[in-house]
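Peer 1: First, the structure itself, so that you have it in front of you.
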Amino acid sequence: MSKEAGASEGNWPPNIQAVFKRMAPASRYLGLEIVAADAQARTVEVAFNAGPELCNMWGGIQGGMIAAMLDDVMSLSAGLDLEWGQICPTLELKVSMLTPARPGRIIGRGRVIKRGKSVGFVEGELLDGEGHLLATASSTATFVTLKRKEKTPAA
């Protein structure tokens, strides 16, 4: 399912719909764009439109920004089968930087390797516009149901 293919937002998994409704400021800063999501396969593809504000003083995208991009793409794939009100915070993240990333369009792909009842294992990769592998990552996520805030009676 692809946003560019004109799929209506109602056909997307809840976590992707949530991105369309209110994108996290950090994801917006990174230039996140949803490209495709397959809830059954638990895979996502996104693009990051990385500008010069993400760069270090040598013109490459700063490593922490690369890690944040990978965390975003893996979190999106881990959350594909969550219900409204559930989240999947990252417990652990390992990133391997393979080639310096430059500003421009960066493609991110994430996939769930194994999903348990309370923990999931996820992998991600970033590629440049020409398809060269820039970085890979693995992550462990936990699944949490948020509690509703109880309304306190007015005094």
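Just so you know, all these numbers are worked out from the coordinates, no wet-lab data involved. Since the model is a prediction, treat every value here as computed from it, not as a measurement. Using ideal geometry, Cβ is built from the backbone for each residue, glycine included, and neighbour counts are taken over all protein chains shown.
Peer 1: If a residue has to be assigned to a strand (DSSP E or B) and under 20 Å from Val112 (Cβ atoms) to count, how many in the stretch 18-42 make the cut?
Peer 2: Counting residues in the stretch 18-42 that are assigned to a strand (DSSP E or B) and under 20 Å from Val112 (Cβ atoms) gives 6.
Peer 1: Considering each residue of the stretch 39-73, count those that are free of Cβ contacts under 8 Å to residues at least 40 places away in the same chain and over 13 Å from Arg102 (Cα atoms), and give that number.
Peer 2: Going through the stretch 39-73 one residue at a time, the tally reaches 2.
Peer 1: Any residue in the stretch 17-35 that's surrounded by 14 or more Cβ atoms within 10 Å (Cβ to Cβ): show its pairings with residues that are part of a loop (DSSP other than H, G, I, E, B) at Cβ separation under 7 Å, as long as the two are six or more apart or on different chains.
Peer 2: Partner pairs satisfying both residue conditions: Gly31/Gly51; Leu32/Met23; Ile34/Lys3; Val35/Lys3; Val35/Glu4.
Peer 1: Still on this structure: Within the stretch 95-106, how many residues turn out to be assigned to a strand (DSSP E or B) and either of a type outside the set (A, V, I, L, M, F, W, C) or surrounded by 18 or more Cβ atoms within 10 Å (Cβ to Cβ) (or both)?
Peer 2: 5
Peer 1: Take the residues in the stretch 108-130 that are touching a strand residue (DSSP E or B) at 6+ places or on another chain (Cβ under 9 Å) and part of a loop (DSSP other than H, G, I, E, B), then tell me which one is nearest to Leu76 (Cα to Cα).
Peer 2: Ser118
Peer 1: Please go through the stretch 141-155 and give me each residue that is surrounded by fewer than 16 Cβ atoms within 10 Å (Cβ to Cβ) and touching a strand residue (DSSP E or B) at 6+ places or on another chain (Cβ under 7 Å), ordered by number.
Peer 2: Thr142, Val144, Thr145, Leu146
Peer 1: Right, next: Can you find a residue that is exposed (fewer than 14 other Cβ atoms within 10 Å of the Cβ) and either hydrophobic (A, V, I, L, M, F, W, C) or in contact (Cβ under 8 Å) with a residue 40 or more places away in the chain (or both) anywhere in the stretch 122-133?
Peer 2: Taking every residue of the stretch 122-133 in turn, at least one turns out to be exposed (fewer than 14 other Cβ atoms within 10 Å of the Cβ) and either hydrophobic (A, V, I, L, M, F, W, C) or in contact (Cβ under 8 Å) with a residue 40 or more places away in the chain (or both).
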